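The values are calculated or read from the model by the stated rules, or taken from the named source; none is laboratory data. Everything numeric here is computed off the predicted structure, so don't read it as measured data. Here Cβ is always computed from backbone atoms with ideal geometry, including for glycine, and neighbour counts include all displayed protein chains.
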Amino acid sequence: MVVNSGAEHDQNLRERASWIDLALFVLAAVFMLWGIGSYGLYEPHEAQYGGGATEMVQRGDWVTPYLNGEREVNKPPLFYWLIATSYWALARFGLRVEFVLRLPSALIALTGMALAWQWAREIWNLRAGRFAALMLAVVSGWYIFAHQLMIDELVSVLILASLYFLWKGICKPAAKWPVILFYICVGLAVLAKALIGLFFPLAIAGLFVLIRRDWALMRRSRPLLGLVIMACVIGPWAYLYEKHNPGALNYIIVNEHFKRALDTREPHDYGRVQVTVAAFLMFTAIWTSPWCLFLPQVATFSIANAFKRNGERTTVNDAILLLVLGAVLPILFFLPFPSRLIYYALPCVPPTIILCSGFWSAPDSWRGWKLNLAAGSVALLGLAAAAMTFFLPKILSEVPELQQTPALQRVIPIEAVVVGTVLLVCGLLIFLKKSRAALAGLVLLMSGLELFNVHEFATFDSITSSKKMVKELAPKVGDDCVWISEGSDEVGAAGGTAFYLRQYTNDKAAQVLIMDEDPSRPPPKYPGPPLHFLIDRKQLDAIWNSTTPVLYVTDFKRSADEWETDPPTLPSKNLQEVKLPDAGDRRVYANEAAWKRLQARGKGKE
């Protein structure tokens, strides 16, 4: 089988980047960084990573993450390291701590954009590279997770980078550097998300070999060298981690992967966020919106260009095939597993966007059924969005999370009108074969919505973050106050409270005690010594009835309607409820000592 020398993408690289590309990335950087420090850490996930990373720095232990003062051994360290490095380097300069902690997420998103720009540029041309960067910057999933501490965007970039270097190795079979970089990226992906980071790059490479029947690629990929490189990347941390936490590697591999896949993970603390196959596919479409509207056209374009023409396979064919596999495999892989979560398909986003950029930049894309279907679907969606304005007020009034944010309920229908109008215009532009103008309209629409909505993230501070609650109460009850959490689906909720106690009190080792008797809120079962923050009902009453000030915080996920069907475990007597305007669905109770302090300092029952 003949593989060309890579002259096609070498020719594309002769098209030099210009000030336009520099301006594009400067604007993208401002766009990604906008507002990342304006809202508290969401619980439980942001609190888990942000709290764990800050405790790494405070303890000087960069091997084992800690959360709420105890070991947190269910995730590899790379994402923690990135956040901890940002915190160590920048927190001293007086920047908002949320900005410092989320900065790595924004930079990861920009790295993905740069890689998409480069790969699309090499496959097609510089215009396609610019399209890829713009499309990825505003695609909803990429923007949302650039503004939250979630590990999946980091994994997505590392998987994309590994596929890019795999392709470079195919283009330049005599060169060793692409192979080395491929295995380094795979090793880093393992340090980010363990076996998932290993599986996807190697599975995609294996499928590529099977489809191409390029058995020589297996030899050229130097698997023994790869094992050595990955061992050098992963090995030092794995050795120290297991030495400091015996049984932790087995816990990550068996409990966090195989048992999770079989829905038997202990504890089963993710039941409320598991989704059906239909919901998983729906959220995958949301993460790739608005470009998912052109999926039929992009799919036919990609399949047609993934295979050899006139008997000769080209490096462009190979790149497109790798991107197709990278776009499809993360979706298909998780469909059979009941433990699927809404963001597991995020690695499909960058490859999908690069393929979209190729379709949009191709001169013969917008004709026939492709043009008519695109124009019709965009215009129909615009009509639907505009029509929804009449039904949204009633629908939104019934959403529990939005009942506490009346301003947001008023704004969403206005957004629907704007979205509907712009989509109608973009549909008309596509019909008139003004595809670049339509692309510009969609980019402006998404960027406007996202800049507005990132401001609205602060609206949910009281619902999903402990920040406002701790900021209000901690100075009034004093540093010696004991905080107790009823517990939630994950320790991250209490970890968020502990994180903000360290920000708003003088106790830099603050810890929140957690109830461990509720089977619907199971505590983690890590290998090694027991977790000292767990207490039972007897210990709760002993602390509550002492002379020490104590605050008890209920589960932030329990809505007002669930209080009768799922009553909390509360102290047995001497309860005083503290009314807070910014506590969301949490309820806060004070014992006698804490209540006296709150009354003396102007905070009590209203």
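Tell me which residues, restricted to segment 562-606, are polar (S, T, N, Q) and farther than 25 Å from Arg537 by Cα. Matches in segment 562-606: Gln599 only. If you go through segment 249-261 and keep only what is out of contact with any helix residue (DSSP H, G or I) (no Cβ under 6 Å at 6 or more places or on another chain) and in contact (Cβ under 8 Å) with a residue 40 or more places away in the chain, you end up with Asn250, Tyr251, Ile252, Ile253, Asn255, Glu256, Arg260, Ala261. Within segment 88-103, the set of residues being without any contact (Cβ under 8 Å) to a residue 40 or more places away in the chain and not hydrophobic (A, V, I, L, M, F, W, C) comprises Arg92, Gly94.
So that you can scan it fast, the table gives a plain yes or no per residue for (1) surrounded by fewer than 16 Cβ atoms within 10 Å (Cβ to Cβ); (2) not hydrophobic (A, V, I, L, M, F, W, C):
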site: Ala203; (1), (2): yes, no
site: Val209; (1), (2): yes, no
site: Arg222; (1), (2): no, yes
site: Leu225; (1), (2): yes, no
site: Gly235; (1), (2): yes, yes
site: Asn250; (1), (2): yes, yes
site: Gln297; (1), (2): no, yes
site: Thr300; (1), (2): yes, yes
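Of all the numbered requirements in (1) modelled with pLDDT of 95 or more; (2) under 22 Å from the mean Cα position of the chain (by Cα); (3) more than 20 Å from Lys508 (Cα to Cα), Phe131 misses one, and that requirement is (2).
Step by step: first the residues of segment 504-525, then only those that are in contact with a helix residue (DSSP H, G or I) (Cβ under 6 Å, 6 or more places away or on another chain) and outside any loop (DSSP other than H, G, I, E, B), then the one that is surrounded by the most Cβ atoms within 10 Å (Cβ to Cβ). Which residue is that? Only one residue fits best here, namely Ile514.
Given the criteria among the hydrophobic types (A, V, I, L, M, F, W, C) and either at pLDDT below 90 or surrounded by fewer than 18 Cβ atoms within 10 Å (Cβ to Cβ) (or both), does Ala458 qualify? Yes, satisfied. Taken together, Ser447, Ser488 contain a single residue that is of a type in the set (Ser, Thr, Tyr) and part of a helix (DSSP H, G or I), which is Ser447. What tally of residues in segment 41-68 results from selecting those that are under 16 Å from the mean Cα position of the chain (by Cα) and either charged (D, E, K, R) or in a loop (DSSP other than H, G, I, E, B) (or both)? Qualifying residue count, segment 41-68: 5.
Here is the figure for segment 522-554: residues that are under 26 Å from Lys596 (Cα atoms) and over 29 Å from the mean Cα position of the chain (by Cα) total 18. Among the residues of segment 263-285, just one is in contact (Cβ under 8 Å) with a residue 12 or more places away in the chain and more than 29 Å from Glu562 (Cα to Cα), namely Thr284. Contact map, segment 185-210: first residue within 18 Å of Asp152 (Cα to Cα) and in the same structural domain as Thr111 (by TED's automatic domain parsing), second residue part of a helix (DSSP H, G or I) and among the acidic types (Asp, Glu), Cβ cut-off under 8 Å, separation 6 or more or different chains; pairs are Lys193/Asp152; Ala194/Glu256. With respect to the conditions (1) surrounded by 24 or more Cβ atoms within 10 Å (Cβ to Cβ); (2) at pLDDT 95 or above; (3) of a type in the set (A, V, I, L, M, F, W, C), Ala106 lacks only one, and its number is (1). Of these, Phe182, Phe199, which one is closer than 20 Å to Val324 by Cα and buried (at least 22 other Cβ atoms within 10 Å of the Cβ)? Checking each option against the conditions leaves just Phe182.
Looking across segment 69-80 at every residue that is touching a Leu at 6+ places or on another chain (Cβ under 8 Å) and assigned to a helix (DSSP H, G or I), the one that is surrounded by the most Cβ atoms within 10 Å (Cβ to Cβ) is identified as Phe79. Residues in segment 547-582 that are over 24 Å from Leu41 (Cα atoms), out of contact with any strand residue (DSSP E or B) (no Cβ under 6 Å at 6 or more places or on another chain) and among the aliphatic types (A, V, I, L, M): Leu570 alone.
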